[in-house]
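In what follows, a single structure is set out as structure tokens and then discussed.
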Amino acid sequence: MRRIHALARVWLGAVATSAIVALGAFASGAPAAGSGPYALEAQALLSESVTDLALRMSGPELPTRLEKVQIKTWHAGDDEAATRNFFDVPTNDGVATLPLAGLARGDRLEIRAHVKSGPQYNVDAETTVVRRPDLTIARIDVVDDVVRTRPFDVTVAVAELGGDVGADARLLLFDGASTSALASSSVAVAAGGTREVTFRVVLADPGDHALRAVVSDAAPAEWDLAPNSREQAVYVNHYAENGVVATDHPLATEIGADVLRHGGNAFDAAAAVLFAINVVQPHFGGIGGGSSIVIRDGKTGELHAIDARETAPAATTPTTYKGLQPVDVRRNGFAVGVPGTLRAVEYLLDRWGTRTLSDALHPAIDLAEEGFPIGQSLATQIGVQQGIFQPETRAIFLNADGTVPARGEILRQPDLAKTFRLLADEGAAAFYEGEIAQAIVAAQRRAVVPGREGKMTLADLAGYTIDVERPLSIEYKGYDVYAPAAGGTSGGVVLLESLGLMREFLADPRNDGYPWGLATPNSLHLYIEAMRLAFADRDFWLGDDRYTDVPAAGLLDQEYLRARSALIKPNTAMCGPGGVLPPGKPPLPDSLMSDSATEFEDPIPGHTTHFSIIDRWGNAVVWTSTIRNSFGTGITVPGYGFLLNDSNGLFNPSPRANPVTGDPGANDAAGGKRAMGNTTPTLILKDGEPFAGTGSLGSQFIQSVVLDVVLNLIEYDLPLQRAIDAPRAWTALSTGATQLNFGLERLIDPVRAMGHVLPCAGNLNRMAVPLLGNVGSTGSFAVELDDFELLGGADRTRFPDATAVVVERT
């Protein structure tokens, strides 16, 4: 009985498809038969068309040729052997290869080779025809949750399918069609077996990826090279969590977070939050007012500023409010601007949303119908503002006996629920062209003072459009800060100009080594002086840029900022007539140049609401919504349950346009024009990545409150919640009159010593007292760019209703 030598292992080294076998490519088995000092090993590997018989001679001197090779073959079921003879067979390092046709898997071979090396020798070997190895990628296992730049494990299983011979090979892992491997490893797979290899890899780019594993360079060469690869789809998350929602009310925050938890994006969540705010904080914002929004499209990285602030009815003229103070305008229908918030919601959902307007409305419908516990802010403001309530407003927000409901009492708003149902069924057209539009026009005809009825028409409502443009931006210490362009708000320009002035002051060689740090006299001095210059420019130049040549780009021009910042003295407050600083001369046509200044008329305090949202795809929304003053005009649209704004009170009470002095009258009233507000939704990017989103309520103090947070994040490198909680200053006038949170009292005397007292720069005696100590509510998100953790922050110490939620991955 002849012995058939089993093949116990495969060897390293490539074997070309020409069937030339590399040296050392034999399996080890029983000792080869032979005579004298020589021995012979044989291996017969079956391919689809040929069997490659590899013979390796070992001995004292490797021959360059075999004079004769005799092969006897026993096919399955045959008793007789077929014999073939080959002569002068060349060898390479003692290895000869013979292609043999007509063989089948399992055929048995006896081989005798004749070697002449001085004496002549016959050496024998036996083998069985086996199928070449056939490797494949059996599977690719990837962890469920992958976050960019974070290492994760990928396990690749390589299987040998032939079952006769194992192989050594090279395993490579690619990202999609890339030709550069993420990782590679050698792999040895036993006949009919599977070998797993685990790679630790990192993917820097978020989004969809296809991990492609490829096995190649098998030794022995494979029976079939296809398929030797497999792909596994994997989504690389932008962030470690699914998003952040920060709003001024816990119920609104939870509604937004729930949208993100169930697959909605930031735009879907923002729409749902806006409607929820209309229910739980109707005194701050809602469909009866306007909005300023900055968004980032996570797919394209594009940024957009949406101006949905209210517009004056077409019949408005520059003298409509002549001689009146804002308080005289507020309670009358002619204070109502055409609302824009609903158009903004419609636009965001149509362009970027994944859910419908109806989807966004339903949580708010439930809240309005079932009721909710009145929060601290709403309870307080009902008590403060009840004197301006129209009958319908009193019926909603006061008890039947006329008393103010306490915090925690349940407030139900069936009329508002009805309105939201109508919008869910008919869309925004019901508001701007349908039955709600007719009710708005009728409601704004009310006036406390005869002759001050509203002039809004159905055509004003039907013709309302939002403005969408690229936000303004400025670079500050490697960060790009984005805020709204001039239009319905001065907030973006004031914030960014203030940052630019501080940047240029600190970059001036004359101020090299200027002592600078968090909550120091110098930092407060520079903060006040920069804002004074920005407010002086605001008061003169800013208004609706559709009506006036607003030099927003010129005010942020580096040369202008450099020249303007040179006015700031390191240790002494600037002086102006009565403490008021004149505006600068930014780049603009000569016809608009003037040396004149204007005195800003301090508006009465107002209220807004702000929320910030980021989702798992890098979509970001920072949204400030308002009906201007708390409860707006005090007019509720009868039967529909929402309040109307009093934003037209933000126009200059008397026209200022003056060709003699060059005053452009940028904020003079006009039909279709947006009055200049203070909303300042702000988005900060680092190398194109979202870093933080913030904004605030606070009326004329919004810009300064937002500047506090931006500086705390960028300049002082504070974590998000500390940046929000840190004591802050706030101001709104070019006089520099500034108020401080408790915690900064120690700065008052040294800053006064710099000249921050009347008449040069306002009066720091008016520092914060408990009534004003909680100005602002800066609902914000932040991204830890080192590991892409998401953070949320809310002004809970100043505004107890404010809530931020980080939406964990589910």
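The values are calculated or read from the model by the stated rules, or taken from the named source; none is laboratory data. Remember, predicted model here, so these are calculated numbers, not experimental data. Methodologically, a virtual Cβ is constructed for each residue, glycine included, from the backbone with ideal geometry; neighbour enumeration extends over all protein chains shown. We work out accessible area using only protein heavy atoms, side chains counted, and drop any ligands, DNA or RNA first. Shrake-Rupley method; radii C 1.70, N 1.55, O 1.52, S 1.80 Å.
Which of the GluC sites (Glu not before Pro) found in the range 311-412 are loop residues per DSSP with 16 or fewer other Cβ atoms within 10 Å of their Cβ?
Working: sites: E346, E369, E370, E392, E409; in loops: E409.
Qualifying residues, ordered by number: E409.
If R0 is 41 Å, what FRET efficiency do you get for A753 and R722 from their C-beta distance, rounded to 0.05? Display every interim value, and only then the final one.
Details: r = 29 Å, r/R0 = 0.70.
The value I calculate is 0.90.
So what J values fall out for the range 702-711 if you push phi through Karplus, 6.51 cos²θ - 1.76 cosθ + 1.60 with θ = phi - 60°, rounded to Hz, Gly and Pro as x?
4, 4, 6, 5, 5, 4, 4, 5, 4, 5
Distance from the Cα centre of the range 144-192 to that of the range 514-553, in angstrom?
After rounding, the separation between the Cα centres reads 58 Å.
Tell me, what is the 1.4 Å probe accessible area of F87, in Å² to the nearest 10?
130 Å²
If I take every Cα pair under 8 Å that is 6 or more residues apart in the chain, average their sequence separation and divide by the length, what percent do I get for the relative contact order? Don't skip to the answer; put the middle values down first.
On the way: 2120 pairs, mean separation 114.0, N = 810.
In percent, rounded to a whole number, it is 14.
Give me the extension gain from K72 to T810: residue separation times 0.36 nm, minus the current Cα-Cα distance, reported in nm with one decimal. Display every interim value, and only then the final one.
Numbers: separation 738, 0.36 × 738 = 265.68 nm, distance 6.71 nm.
Here the answer is 259.0 nm.
Check the chain and count each lysine pair with an alpha-carbon distance under 18 angstrom, considering only pairs eight or more places apart or from different chains.
Numbers: K68/K116; K299/K686; K322/K455; K322/K673; K455/K673; K477/K686.
Lysine pairs satisfying the spacing and distance rule in the chain number 6.
Can you tell me how much longer the chain between A82 and D557 gets when fully stretched, taken as 0.36 nm per residue apart minus their C-alpha distance, in nm with one decimal?
Values: separation 475, 0.36 × 475 = 171.00 nm, distance 9.39 nm.
Taking A82 through D557 to full extension adds about 161.6 nm, to one decimal.
Where the only charges are on Cβ atoms (+1 Lys, Arg; -1 Asp, Glu), what is the dipole of the range 136-241 about its Cα centre, to the nearest 20 debye? Kindly include the intermediate steps, with their values, before the conclusion.
On the way: 8 positive and 16 negative charges, 39 e Å.
Charge dipole, the range 136-241, about its Cα centre: 180 debye, nearest 20.
If I model a spin label as a point 7 Å beyond the Cα along the Cα-Cβ vector, how far apart are those points for L225 and N92 in nm?
Placing both labels 7 Å beyond Cα along the Cβ direction yields 1.7 nm.
Please report the spacing between the Cα centers of the range 220-291 and the range 316-360 in Å, no decimals.
Cα centroid of the range 220-291 versus Cα centroid of the range 316-360: 27 Å apart.
Using a Förster distance of 56 angstrom, determine the FRET efficiency expected from the C-beta separation of E61 and D141, and round it to 0.05. Intermediate results must be reported in sequence, preceding the final value.
Working: r = 52 Å, r/R0 = 0.93.
With R0 = 56 Å, the Cβ-Cβ based efficiency is 0.60.
Please give the net charge around Q70, taking every other residue with its beta carbon less than 12 angstrom from that of Q70, where Lys and Arg add +1 and Asp and Glu add -1.
Working: positive: K68, K72, R84, R112; negative: E67, E110, D124.
The answer is +1.
Tell me the net charge near A566. Cut-off is 10 Å between Cβ atoms, A566 excluded, with +1 for each Lys or Arg and -1 for each Asp or Glu. Intermediate results must be reported in sequence, preceding the final value.
Working: positive: R510, R562, R564, K569; negative: E504, D508.
So the environment of A566 carries a net charge of +2.
Which distance in Å, rounded to a whole number, links the C-alpha centroids of the range 669-696 and the range 74-112?
Computed from Cα coordinates, the inter-centre distance equals 83 Å.
So, for the chain, what is the accessible surface per residue at a probe of 1.4 Å, expressed in square angstrom?
Values: 30060 Å² over 810 residues.
Heavy-atom SASA per residue in the chain reads 37 Å².
Relative to the Cα centre, what is the charge dipole magnitude of the range 634-766, using +1 at the beta carbon of each Lys and Arg, -1 at the beta carbon of each Asp and Glu, and rounding to the nearest 20 debye? Mind showing how you got there, number by number?
Working: 9 positive and 11 negative charges, 60 e Å.
Roughly 300 debye, rounded to the nearest 20.
What ³J(HN,Hα) values, in whole Hz, does the Karplus curve 6.51 cos²θ - 1.76 cosθ + 1.60 give for the range 417-428 when θ = phi - 60°, with x put for Gly and Pro?
3J(HN,Hα) across the range 417-428, in whole Hz: 4, 4, 4, 5, 5, 4, 5, 5, 7, 10, x, 5.
For a label point 7 angstrom out from the Cα of E433 toward its Cβ, which stretches of the range 448-462 have the backbone nitrogen within less than 14 Å?
So the set is 458-462.
For the range 436-480, compute Rh as the Kirkwood radius over C-alpha pairs and then the Stokes-Einstein diffusion coefficient at 37 °C and 0.692 mPa s; write the answer in µm²/s, rounded to an integer.
234 µm²/s
What 222 nm value per residue comes from the helices of the chain, counting each DSSP H run with n ≥ 4 as -39,500 (n - 2.57) and dividing by all residues, nearest 500 deg cm²/dmol?
After summing the helix terms and dividing by the residues of the chain, the value is -6500 deg cm²/dmol.
So I have [x] 37; [y] 26; [z] 33, and one of them is percent of Cα pairs over 51 Å apart calculated from this model. Which one is it?
Correct label, based on the coordinates given: [x].
Evaluate the distance, in nm, between pseudo-label points positioned 7 Å from the Cα of E745 and of V327 along their respective Cα→Cβ axes.
For E745 paired with V327, the spin-label model returns 3.0 nm.
Under the rule of at least 5 residues apart or a separate chain, name every residue whose amide H is placed under 5 Å from the amide H of R809.
Here the answer is N242, since their amide H atoms fall under 5 Å of that of R809.
Taking all protein chains as present, what is the carbon and sulfur share of the accessible area of the chain, in % to the nearest whole number, probe 1.4 Å?
On the way: 15230 of 30060 Å².
After summing per-atom areas, the C and S share lands at 51 percent.
Treating the range 271-342 as a set of equal point scatterers at the Cα positions, no solvent, please give the Debye-formula log₁₀ I(q)/I(0) at q = 0.14, 0.15, 0.21 Å⁻¹.
-0.61, -0.67, -1.00
Label A188 and H262 with points 7 Å out from Cα along Cα→Cβ: what is the distance between them in nm?
Going by the 7 Å Cα→Cβ label model, 5.6 nm.
In a shell of Cβ-Cβ distance under 12 Å around G387, excluding G387 itself, what net charge do Lys and Arg (+1) and Asp and Glu (-1) give?
Numbers: positive: R330, R331, R394; negative: none.
Taking every Cβ under 12 Å from that of G387, the sum is +3.
Pop the C-beta distance of T465 and Y514 into the FRET formula with R0 = 45 Å and round what comes out to the nearest 0.05.
0.45
Grab the Cα-Cα distance for E369 and S49, subtract it from 0.36 nm times how many residues apart they are, and report the gain in nm with one decimal.
On the way: separation 320, 0.36 × 320 = 115.20 nm, distance 7.87 nm.
Extra length from E369 to S49 when fully extended: 107.3 nm.
Along the range 715-726, what does the Karplus equation 6.51 cos²θ - 1.76 cosθ + 1.60 (θ = phi - 60°) give for ³J(HN,Hα), rounded to whole Hz, x for Gly and Pro?
Here the 3J(HN,Hα) series is 6, 9, 6, 7, x, 3, 5, 5, 5, 7, 6, 4 Hz.
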